[in-house]
Structure formats: structure tokens, C-alpha cells
1. How much area per residue is accessible in segment 264-345 when the probe is 1.4 Å and only protein heavy atoms are counted (Å²)?
2. Stokes-Einstein diffusion coefficient for segment 262-350 at 37 °C in a medium of 0.692 mPa s, Rh from the Kirkwood formula over Cα pairs: what value in µm²/s?
3. Give a residue-ordered list of calculated ³J(HN,Hα) values for segment 143-159 (Karplus: 6.51 cos²θ - 1.76 cosθ + 1.60, θ = phi - 60°; whole Hz; x for Gly, Pro).
4. Using the heavy atoms of the protein chains alone and a 1.4 angstrom probe, what is the accessible area of segment 80-169 per residue in square angstrom?
5. Would you mind computing, in nm to one decimal, how far apart the modelled labels at A336 and E239 are, each placed 7 Å from Cα along Cα→Cβ?
6. Name the residues whose placed amide hydrogens come within less than 5 Å of the amide hydrogen of V178, ignoring near sequence neighbours (fewer than 5 apart) on the same chain.
7. Can you compute 3J(HN,Hα) from phi for each residue in segment 370-387, using the Karplus curve 6.51 cos²θ - 1.76 cosθ + 1.60 with θ = phi - 60°, rounded to whole Hz and x for Gly and Pro?
8. Hey, any idea what % of segment 1-134's accessible area is carbon plus sulfur with a 1.4 Å probe?
Amino acid sequence: ALAGHLHESGLTGSRALLVHPPGPDFVVALFACFHAGVTAVPVVPPESRYRAARARVETITAACTPAVQLTSAASGPALEPERLAVLETDRVPAGDAGFTPLDVGPESTAILQFTSGATRAPRGVVLSHRSVLANLDLMDERYERRRGVVTVNWLPLHHDMGLFGGLLRSVYAVGHCVLMPPGAMLRKPIRWWRAVVEHEATVTGGPDFGFDLSVRRTTAEERDALDLSRLSVVFTGAEPVRAATLERFAAAFAGAGFDPRVFLPVYGLAEATLMVSGTRVPDPPRVLTVSADRLAAGEVAAAGAGEPVRRLVSCGPPGKATEVRVVDPDTREPVAEGRVGELWVRGDGVGDGYWGGTGLDDEVFGGRLADCPEGERWLRTGDLGCLLDGEVVVTGRRKEVVIVAGRNVYPHDVED
């Protein structure tokens, strides 16, 4: 019914902000956009009154000029109605079942996924239905194509890991997804794991800080009252995956029956929809103890006796129909296995570029190897890492590395 209303209102071919908090209204609005040929633009929900959240919505609105903001009567719009038309999706009459979803085609734009804006202004990655489905299939392959799984997702739905890794992966796997507002977990992390138990979830996950928070802000009594033995996949990514965090969490939740082998470290980015690589269930995480000195010189190699070490977590092999090269960013030539370079990605899940055809399109999505100046275009991720035994090992962000007397200093090492 909502898709029919969008189409009859002349919104097919336009863009719509999705400003619902996590819940069924967001899901209805998202699929209505898909069925009506409207490009969905998920944004921070209106419950976020922080100045930075408002500024982000303003930036996104200016960048993609949406025609409408979809929201619910209870939550309200993100912007004033006089600035951008409002449609309260839960007030559209549900009785009209006569609309036939449009045949939008695989190359049509499904979603504008705006990047986090951590190091520069948010940019909208143009994701076609083909790209989204290809990435969901990649995740499905890593999860052993399990059907009917129950997922607990507290990650925000305007972020790629929450939207694709939590919600849409559950739909693709014909599963059940329990949505939790991010703030509920952040204020009291034990709620995350109690929800896993209550709903008998088998899949959940989040970035490294979520697991660190779960250890620091829960008690032994709270943890030991849980039963996490049903979990089969606990993905972790979106920021450096730290071996120490995985070990601390596994030790803290051992009394709850948590099996550390279910950890699934992943690597990905919004420009590739989400996942680029990931370990395979039920392989345990692979932790590499490498020479800190040789890593600073750009090589991942085993540490010798008495050498200072760094521990790196492998993010597994590239996924189905995805190719990763490690390239010297200055010469654009591939480097040998074990040498650190920029990670370049090619595959069906890579987006079509940034909305509006910004000058960054050629820089980010148009990478070409030195020996193939007219060849295939690669996504230049800006991430540094290497391939080791065919697996992706991420070492840091190129723009964040500080070079001191020829040594690469990574900010997360300084933080540690």
C-alpha cells in the first residue's frame, strides 16, 4: 500500500529520506521504496537531537536533494515540514493491495548509503539492486547459507553494517531479525546479550568497541546468568579487530557458554556495499604475531626471539566474486605477498560511485594498475594491509599513518 502511494504521488525515480527509528516502520518504508522505484536514503533517526546528528542530515539533504522524508507519526521528521515534505508511513491506509511492484531492474539504484564522514564530509555511495544482492550473497556464503536464523541487531540502520549485515542479511536468509535501538545497548550493554538469550538468537555482531564495552560495563554475575551456547556467528568489523578484545570477551563470557570459535572477523566498507572479506564459519579467528619493526617497514612477517611484536587478526579470504589486490599507492604496482600496500577491490558488490559524480569518483572508484592504464577499474579503499595465504590482513588507514624516520606508526598502536 505504501509503495502504491509513493508511486501515485509521483515519487518514482526520486529519493526519500528514511528517518524512522529501528523497527517495523523502517522496514516497511525501505521495501516500499524498493517496490516503487524510489531510492532510499537512510539517515539518523529523529530521536537523535545532537547537533552533529542534525548537521549530518543537513549535509545529506543538501547532497542528494530528496523529494520527501518518510517517518512515523510517533517519531516525527528530521527536518521541518516546510523545508522538506513529510509522509507519515504508518498513516497510509493499509487496505489497498492492488499495487504491483515496479520492475525496477538490477542496475537501478536501490540505496544511497552515506559514508560515516569520519575523515571527510559524508558522501552517498550509489548502490544498485545488483550490488546489494551480490553482497548479501557473499555474506550468505560465509554464513554457510543457513536458513531461518535469528539475528539480534543493535547497530543503527543508517549504517552499512546494521542495514546490510543485520537487517537485509536476515531477509535474504529467510530469517528473523530482532532490532534494538543502539542507545539501549550503549547505556547498558548486558541488554544486548540478554536479547540474544531471550530470542534464542544464533547470529549477532558489531564493531570492536561493542565487545570491549560488554566486558567493561557488565558484571560477572550478569554474564554468568546468560546462556550464549546457541550462537553460531558473531561478526566483528567496521574498525580494527583487536585480538586482545576477542580474548577478553571470550574469557569474560566463558561462564555463559560462549564459544570463541564463533567469532567471524570481517573487512568491508560502504563503497563495497559492506563485506569484502571474512573468515568462514566455523573456522576460529586467526591471530598473527608479527614483528613490530618489520611491520613498521611495510612487511608482515613472524617475529624473532626477543623482538617487539604486534598481533593482527586475519579478516579471511575475499568473498565470492570479489577480488582484492595489494597495491603500492604511489606506483600503482601490485606488491608481493606479505608486503603492506593499499587494498584495492573489484567485484559485483562495489558501488557505482558517489552520488552527484563528485571529483572523487575517479580517485576512489577508478583505480587502474600501472601495467593496465586502460584496464579494469578498481576501488581504492584507502586501507592498508596485505594478503597472507590468500587472507586479508588489515593494518590501518593510509591517511592516518604517521611516518617517523621511515617507520610507519599506526594510531591504534599509539592508543593501545
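The values are calculated or read from the model by the stated rules, or taken from the named source; none is laboratory data. All values derive from a computational prediction rather than experimental measurement. Quick reminder, even Gly has a Cβ in these numbers, built from the backbone with ideal geometry, and neighbours come from all protein chains shown. Keep in mind that these areas ignore ligands, DNA and RNA; they rest on the heavy atoms of the full protein, side chains included. Shrake-Rupley method; radii C 1.70, N 1.55, O 1.52, S 1.80 Å.
1. Working: 3210 Å² over 82 residues.
In whole numbers, segment 264-345 has 39 Å² accessible per residue.
2. Working: Rh = 14.4 Å.
For these conditions, the coefficient is 228 µm²/s.
3. For segment 143-159, the Karplus-derived couplings read 8, 6, 6, 6, 10, x, 6, 9, 10, 9, 10, 9, 6, x, 7, 8, 9 Hz, x marking Gly and Pro.
4. Numbers: 3840 Å² over 90 residues.
Roughly 43 Å² per residue, with all protein chains present.
5. The answer from the label model is 3.6 nm.
6. Here T151, V152, N153 satisfy the definition.
7. Whole-Hz 3J(HN,Hα) from phi for segment 370-387: 4, 8, 9, x, 10, x, 4, 8, 10, 7, 8, 6, x, 8, 9, x, 8, 9.
8. Working: 3320 of 6000 Å².
That share works out to 55 percent.
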